[in-house]
Amino acid sequence: MQKRNIGKFKAKAALKTARSVAGSGNVFADLGFKNADEMALKSDLVWHINRAIHERGITQAAAGELLGVNQPKVSALKRGQLTDFSVDRLIRFLVSLGQHIEISIRPATHGTVRVLKAG
């Protein structure tokens with residue numbers, strides 16, 4: 001009896017039927033979240049928080065002391081859990097980590113929120 005590798009067959013079939021769709025630039029909106037702009041903003045802020053912690057080379061416990069939270073809260077940030085933190089609180093965390101925050105407001109055809117890394 002001849003063995004067949006069904007896994008490869010399924011993968012080839014999936015490649016033939018797979019389609020790509022251009023995203024909006026906000027993965028949370030693309031997935032249908034009602035508060036997509038806020039979630040995208042929080043995600044960007046958490047990314048910068050995690051980068052600042054990594055660049056300092058400190059433990060989660062040490063980061064917690066700097067931020068005024070316990071280690072499990074820092075762990076939640078590391079895992080990208082956004083719901084436990086307000087935008088205001090995330091901005092305060094960045095300030096505690098020695099980051100400069102600048103908010104720019106200007107007219108636009110439709111309102112958007114984004115975080116830019118100054119460089």
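The table below gives the values:
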quantity	calculated
Ranked HIS100, HIS54, HIS48, HIS110, criterion: other C-beta atoms within 10 Å, fewest first	HIS110, HIS100, HIS54, HIS48
Distance in nm between pseudo-label sites at HIS100 and ASP84 (7 Å out along the Cβ direction from Cα)	3.2 nm
Spherically averaged projected area in nm², based on the convex hull that wraps the Cα atoms of region 33-119	6.3 nm²
Part-to-part distance (alpha-carbon centres) for region 86-119 and region 27-81, which is given in Å	14 Å
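Computed from the coordinates by the stated procedures, all read-outs in this text should not be read as laboratory data. Everything numeric in this text was worked out from a predicted model, so none of it was measured. Positions of Cβ are generated from backbone atoms using ideal geometry, with glycine treated the same way; all protein chains shown enter the neighbour counts.
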